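Everything below concerns the one structure shown next.
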Amino acid sequence: MPEARSKTEKVVELCKRRGIIFPAAEIYGGIAGFFEYGPVGVRIKRKLIEDWRKFFVESEENIYEIEGCLILPDKVFEASGHLEHFVDPLTQCKSCKAMFRADNLIEESTGKFVEGLPPEELTKILREERISCPKCGGELSDVKMFNLLLKTEVGPAGGEKASLRPETAQNIFLNFKRIYQSMRAKLPFGVAQVGKSFRNEISPRQFLVRLREFTQCEIEMFVDPRKVNECEGFERVKDVSIRLYTAEAQRKGEREMEIKVGEAVEKGLIPNKWMGYFMAKEFLWFLSLGIPREALRFRQMLPEETPHYSKGNFDLEIEFEFGFKECVGNAYRSDYDLRRHSQFSGEELAVVTPEGEKIIPHVIEPSFGVERPFLAILYHCFVEDKERGWNWLALPPKISPFIAGVFPLVSKDGLPEKAKEVYKMLKESGFDVVYDEKGSIGKRYARIDEIGVPLAITIDYQTLQDDTVTVRDRDTTKQVRVKILELKDIFQRVVDKNSTKDIF
Ligand code: ATP
Ligand code: GLY
């Protein structure tokens with residue numbers, strides 16, 4: 001295999017080789033924009049989602065989780081505005097027929113930010129800048145808008161027109177009344193959902209960044225519009241310092257600012273306390289996942305790129321080798337969705353306040369993708385280590401695929417039997433451990449380092465004498481000798497603290 005060049009390419013290569021991510025339908029040549037999780041990747045993804053759920057849903061008293069359908073009738077998307085507005089500018093090469101997102105192509109060729117410009121203006125820029133097909137140099141067509149909904153039909157013989165949902169949010173709006181009534185909910189309350197979303201992206205690329213099938217973790221927080229600044233949790237996070245890149249700074253060509261969330265809300269840079277609350281939590285969460293703070297920022301969306309339903313967006317962006325990419329969208333969706341669904345369905349979607357008034361709640365929406373953060377974590381945790389002789393992932397223990405590898409030093413003299421005993425004891429106690437007796441101990445360390453396992457337990461000849469084992473730290477390669485009976489306690493401390501620091 002040729003030596004991978006960039007860090008991203010090395011991460012991609014690791015993902016394929018070590019069971020993290022595979023291209024979908026690879027034996028048939030693959031299908032652009034679709035990837036699948038392998039046995040190691042699925043463990044990381046599951047833990048990442050579980051940690052999200054714990055941090056953003058379970059920690060709150062009033063956020064309810066649902067699981068909705070992936071396919072919904074097109075009437076839903078007519079009301080939501082996706083049939084009309086969910087479009088990207090498309091240009092096609094007249095020679096090789098390759099398709100491109102015109103705004104991305106212009107940005108990459110000229111550095112000009114052109115997202116949200118109408119197709120005629122994009123065509124004009126393509127011509128003025130003499131941009132041709134990046135694949136074959138051919139002439140590009142005029143730009144036209146392309147709808148990203150993945151369409152299907154339900155039922156035999158051209159049944160009802162339907163689409164795969166482009167965001168998990170819509171099921172939440174559709175079920176709003178049922179949730180409100182069945183949970184006897186009171187404003188403010190939130191509804192969360194984790195699941196797949198689909199977009200027929202024009203040019204999927206950058207590995208997991210632009211996919212056609214991806215996972216979202218979304219919360220729609222329903223609030224009384226007059227009480228968007230009544231957020232109980234805000235006091236707890238107001239001193240969290242975040243990196244904010246305002247629309248004004250972008251226009252003036254200035255940099256991000258470091259600012260406390262409380263101050264940003266006071267100065268009107270963030271529209272309300274609910275939005276500030278989620279943004280502060282997001283910043284803390286990504287720090288706990290191993291993303292350095294310099295690689296994190298909230299970018300205020302410029303008016304021309306703000307989605308049709310939003311009164312203001314802040315994207316949490318993470319820096320990759322190819323620049324900052326949105327990983328979480330924070331939108332102030334106002335009453336747009338409930339109002340539209342109410343109009344289109346004829347169903348009353350207002351609530352009655354304790355004061356007896358009928359109102360349509362406003363919505364603050366933190367919308368997380370899973371695959372972009374997943375890739376960002378792998379990228380930022382990837383350590384290129386010449387000294388050690390292999391590259392490895394410094395994954396935080398809470399999302400590492402296993403907490404420890406269990407190894408007999410050699411596969412003879414009763415060591416494998418003893419190691420299996422230890423392995424079984426740990427597994428039965430509920431810890432994710434992996435057993436390996438193949439190859440030299442160095443190779444086995446390398447294999448678990450590569451997939452981000454924080455600890456390695458080695459059973460050696462001394463173990464047979466005194467029931468002690470060595471515990472090796474992935475990050476420092478330091479080792480300590482401990483009693484087998486202490487292992488469960490050590491593992492629990494590592495899990496609880498999300499760190500191995502106080503063990504070594
Ligand atoms: P972009 O401008 O990069 O296309 P977006 O503004 O369309 O992103 P949102 O609609 O705000 O993204 O979606 C919310 C989140 O869902 C994003 O922050 C991202 O993590 C994820 N997401 C959206 N589109 C994709 C995609 N095509 N592939 C992977 N993840 C995606
Ligand atoms: N729910 C926001 C989005 O996916 O765009």
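Numbers at a glance
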| item | result |
| --- | --- |
| Residue within segment 171-181 that is of a type in the set (D, E, K, R), away from ligand 1 (no atom under 16 Å from the Cβ) and assigned by TED's automatic domain parsing to the domain that holds Lys358 present | yes |
| Strands (runs of 3 or more DSSP E) enclosed by segment 198-305 - at least 3 residues per element that are open to solvent by less than 30 Å² (accessible area, probe 1.4 Å) | 213-223, 296-300 |
| Odd one out for Asp142, checked against (1) at pLDDT 95 or above; (2) in the same structural domain as Ile71 (by TED's automatic domain parsing) | (2) |
| Residue that is surrounded by the most Cβ atoms within 10 Å (Cβ to Cβ) [pool: residues in segment 321-346 that are away from ligand 2 (no atom under 16 Å from the Cβ) and of a type outside the set (S, T, N, Q)] | Phe324 |
| Count - residues of segment 443-469 that are open to solvent by 20 Å² or more (accessible area, probe 1.4 Å) and farther than 27 Å from Phe374 by Cβ | 7 |
| Any chance Arg205 is in contact with a helix residue (DSSP H, G or I) (Cβ under 9 Å, 6 or more places away or on another chain), of a type outside the set (A, V, I, L, M, F, W, C), within 14 Å of ligand 1 (Cβ to nearest atom) and without any contact (Cβ under 8 Å) to a residue 40 or more places away in the chain | yes |
| Of residues in segment 213-243 being of a type in the set (Lys, Arg) and free of Cβ contacts under 8 Å to residues at least 12 places away in the same chain, the one farthest from Lys186 (Cα to Cα) | Arg236 |
| Test set (1) in contact with a strand residue (DSSP E or B) (Cβ under 8 Å, 6 or more places away or on another chain); (2) more than 16 Å from ligand 2 (Cβ to nearest atom) - Trp52 fails condition number | (2) |
| Residue within segment 152-169 that is surrounded by fewer than 19 Cβ atoms within 10 Å (Cβ to Cβ) and within 16 Å of ligand 1 (Cβ to nearest atom) present | no |
| Criterion (within 13 Å of ligand 2 (Cβ to nearest atom), β-branched (Val, Ile, Thr) and either part of a strand (DSSP E or B) or in contact with a strand residue (DSSP E or B) (Cβ under 9 Å, 6 or more places away or on another chain) (or both)) met by exactly one of Ile318, Ile364 | Ile364 |
| Failed item, numbered, when Gly190 is tested on (1) more than 16 Å from ligand 1 (Cβ to nearest atom); (2) over 24 Å from the mean Cα position of the chain (by Cα) | (2) |
| Hey, Val57 of a type in the set (A, V, I, L, M), surrounded by 13 or more Cβ atoms within 10 Å (Cβ to Cβ), free of Cβ contacts under 8 Å to residues at least 12 places away in the same chain and not in a loop (DSSP other than H, G, I, E, B) or not | no |
| Close pairs (8 angstrom Cβ cut-off, 6 or more residues apart or separate chains): within 16 Å of Tyr180 (Cβ to Cβ) in segment 61-75, open to solvent by 80 Å² or more (accessible area, probe 1.4 Å) anywhere | Asn62/Lys186; Tyr64/Met183 |
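Table: residues versus (1) open to solvent by 40 Å² or more (accessible area, probe 1.4 Å); (2) farther than 26 Å from Glu486 by Cα; (3) not basic (Lys, Arg).
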residue	(1), (2), (3)
Pro366	no, yes, yes
Arg372	yes, yes, no
Leu375	no, yes, yes
Tyr379	no, yes, yes
Lys398	yes, no, no
Ala404	no, no, yes
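Yes/no matrix, rows are residues, columns are (1) within 15 Å of ligand 1 (Cβ to nearest atom); (2) more than 27 Å from Ser499 (Cα to Cα); (3) at pLDDT below 95:
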{"site": "Val237", "(1), (2), (3)": "no, no, no"}
{"site": "Arg243", "(1), (2), (3)": "no, no, no"}
{"site": "Gly268", "(1), (2), (3)": "no, yes, yes"}
{"site": "Glu282", "(1), (2), (3)": "yes, no, no"}
{"site": "Arg297", "(1), (2), (3)": "yes, no, no"}
{"site": "Gln300", "(1), (2), (3)": "yes, yes, no"}
{"site": "Lys311", "(1), (2), (3)": "yes, yes, yes"}
{"site": "Gly323", "(1), (2), (3)": "yes, yes, yes"}
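The values are calculated or read from the model by the stated rules, or taken from the named source; none is laboratory data. Quantities reported herein were computed from a predicted structural model and do not represent experimental measurements. Cβ sites come from the backbone with ideal geometry, for glycine too, and all protein chains shown count toward neighbours. The accessibility values were calculated without ligands, DNA or RNA, using every heavy atom of the protein model including side chains. Shrake-Rupley method; radii C 1.70, N 1.55, O 1.52, S 1.80 Å.
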